[in-house]
1. Collect the residues in the stretch B:262-317 that are among the charged types (D, E, K, R), within 21 Å of the chain's Cα centre (by Cα) and closer than 19 Å to residue B:234 by Cα, keeping them in residue-number order.
2. Out of the stretch A:32-49, which residues are assigned to a strand (DSSP E or B) and farther than 15 Å from residue A:193 by Cβ?
3. Please verify whether the stretch A:153-169 includes one or more residues that are in contact with a strand residue (DSSP E or B) (Cβ under 8 Å, 6 or more places away or on another chain) and within 14 Å of chain B (Cβ to nearest Cβ).
4. Go through (1) under 15 Å from the mean Cα position of the chain (by Cα); (2) basic (Lys, Arg); (3) in a strand (DSSP E or B) and name the single condition residue A:153 misses.
5. Assigned by TED's automatic domain parsing to the domain that holds residue A:227, assigned to a helix (DSSP H, G or I), in contact (Cβ under 8 Å) with a residue 12 or more places away in the chain and over 16 Å from residue A:260 (Cα atoms): is that true of residue A:277 in this structure?
6. Quick check on the stretch A:259-271. Is at least one of its residues within 30 Å of residue A:326 (Cβ to Cβ), touching a Leu at 6+ places or on another chain (Cβ under 8 Å) and part of a helix (DSSP H, G or I)?
7. If we keep just the residues of the stretch A:146-171 that are among the polar types (S, T, N, Q) and surrounded by fewer than 24 Cβ atoms within 10 Å (Cβ to Cβ), which is farthest from residue A:242 (Cα to Cα)?
8. Can residue B:180 be described as in contact with a Phe, Trp or Tyr (Cβ under 7 Å, 6 or more places away or on another chain), surrounded by fewer than 16 Cβ atoms within 10 Å (Cβ to Cβ) and among the aromatic types (Phe, Trp, Tyr)?
There are 2 protein chains.
Amino acid sequence: MQQLNQILENRFINNLTSLLEHSPLQINSTHQSDAEIIRFNGNNDQLINITTDSICEEIKAGLYDDFLAGWMVVSANLSDLAAVGSNPLGILISVIFPENMNYKRIGTLYNGINSACKRHSTYVLGGDINKGDNLIVTGTALGVNNYNKILTRVGCKPGNILYSTGQLGKGNAFALDKLFFRKGAALNYKPVARLKEGKVVSQFATACMDTSDGIFTTLDQLMRLNNIGFEICNNWELLIEKNSREYAQKVGIPLWMLLAGQHGEFELLFTIPEEREKQFINSAIQVGFFPLKLGRVIKTPIINISLYDKMISLDTARIRNLFDNCDGNLEKYFDEMLKIDSELKQN
Amino acid sequence: MQQLNQILENRFINNLTSLLEHSPLQINSTHQSDAEIIRFNGNNDQLINITTDSICEEIKAGLYDDFLAGWMVVSANLSDLAAVGSNPLGILISVIFPENMNYKRIGTLYNGINSACKRHSTYVLGGDINKGDNLIVTGTALGVNNYNKILTRVGCKPGNILYSTGQLGKGNAFALDKLFFRKGAALNYKPVARLKEGKVVSQFATACMDTSDGIFTTLDQLMRLNNIGFEICNNWELLIEKNSREYAQKVGIPLWMLLAGQHGEFELLFTIPEEREKQFINSAIQVGFFPLKLGRVIKTPIINISLYDKMISLDTARIRNLFDNCDGNLEKYFDEMLKIDSELKQN
């Protein structure tokens, strides 16, 4: 756990889970998978997947409006199901309504929830309502999976090929605009959980994790969990989504920061054994899924990326802990990121 | 739905669910059961049960301290599973931590969660953490059940016998002391979900609902859902838990108010066909469960209770809507309750 505990959030979670006991029915341990994987019947060939995610800080910071809060509580939870290759059965939604939230706003929130459910062909199964100071929306998504296809964050090996289900950077470009530059850029952030893709991935991948907290967070966590490293391909800039790339160039921030921030694009990052790569690609294409190659798994637990015409080993612990170490102050966080950028240029 | 819509909370929930679509996999509709009942496999003889409940207002009002918030998020959710006769697989917990919550307090909260899990022989399967203004704890409990034993709130018939799994009034006595009289009375409120009892009940009952929102709320909701009424037995005062009864007498509030307030004791109320009553009692006693007879189901949708030496038809809609109609003002709510009491005496 020492490796995991270098990250403040991991350490906090480990402190909490050390106070609890692990269920004998649960296949995964803490950190090991995006959704929980539960046995429920000895004779059964199916597993239950379940995951919970609250939308709270994003609303308070002004990152999500009412519609997007509703959309995200569905898609963020379903994305965790996608990362274990699960088939969603539905979602439960608990809402804390502020006193001043009128019916029009409530309608917008529920329009977001309903639109996301329709887009993912799933349903709200139930929920709870309470009054509170701020709007908070908590979702719990439920799914089922085959016992013989357990996909977690753990299992990748040096030589495996690192893929993404789609282009990168949209989450951080959106957050940068919404919280920092406030240009009202039309970045159209409305992520769709990669459920269809997750089912193909689960047939071939050795490990998988969604990018809900951004690319570097995801790679760093996979590195710590598997005691391996990653080498990101030379032309990674080309994998950044077009509008996000143009936005970064317009506001003058380095492209790598779109991978470093902690507001993700909700793609899946996963690793495929080289010998199964061709078969995987064929299966993916058959369902209209075009995986993007990001690099490969290496033996040394470092994250190497080509930047400023050299290969750089990123200090992803520093980058991941930065927001906490800036006490959540966005200006300070952004300044520190720029400081890291100038260090990377000089090195 | 007209009957249900006389209750403000039902109306609000119906407004929300009208914005959503119903899953074809879900057996129950809105309001029809304490936990959701989900088919997940056409060939399977098992059902998934799932329910979510946030502890928010109780913390903010000062009703629950950190330990009790942790305890209640587990037991309240498991109580909903108990009411459908489910076998719990575990619970997910999402916590909103206020910035000023130190590790000692967090430890106390998790001690409450862990103690309740141990008491109910279940486990925390996963969760989420966020920072926010106030402590809010959301649980989602998961269970499984047999397909041929579907127990909901709907199905009771005139002539059925009304039972409770245990003595009444503890929730409201506790709330009265904690929020109103503040005498620090040792009422020892730490409800245990009636899981063992729920399994027996599910073999015999025609309808079941937990008393999480108090006795009158539960009876009123069952009345509206089933278009029947209830006649409560003459000596209902004897069914009020000893400490709660003594407390009410000490602070000088009428005993019926321990059934009217909306902070429940988390017992199960359920209805048994008269012809199966003997067999039910035998099965219950075998597992050390001693059901309390409360009365019977009647044809007319009214709630009759013996009070002040006469039989009174309670205006449970007025009582249920009172807290909302007092805008959550406790003093006003209490005054209005006393006004109802003097009306009942005069009638």
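The values are calculated or read from the model by the stated rules, or taken from the named source; none is laboratory data. All values reported here derive from a predicted model rather than from experimental measurement. Note that each Cβ is placed from the backbone with ideal geometry, even for glycine, and that neighbours are counted across all protein chains shown.
1. Filtering the stretch B:262-317 down to residues among the charged types (D, E, K, R) leaves B:265, B:267, B:274-278, B:293, B:296, B:299, B:309-310, B:315.
Imposing the further condition that a residue be within 21 Å of the chain's Cα centre (by Cα) reduces the set to B:265, B:267, B:293, B:296, B:315.
Within the stretch B:262-317, B:293, B:296, B:315 qualify.
2. A:36, A:37, A:38, A:39, A:46, A:47, A:48
3. Among the residues of the stretch A:153-169, at least one is in contact with a strand residue (DSSP E or B) (Cβ under 8 Å, 6 or more places away or on another chain) and within 14 Å of chain B (Cβ to nearest Cβ), which makes the answer yes.
4. (3)
5. In short, yes.
6. Yes - at least one qualifying residue is present in the stretch A:259-271.
7. The qualifying residue farthest from residue A:242 (Cα to Cα) is A:148.
8. On the way: in contact with a Phe, Trp or Tyr (Cβ under 7 Å, 6 or more places away or on another chain): yes; surrounded by fewer than 16 Cβ atoms within 10 Å (Cβ to Cβ): yes; among the aromatic types (Phe, Trp, Tyr): yes.
Taking the combined requirement at face value, the residue satisfies it.
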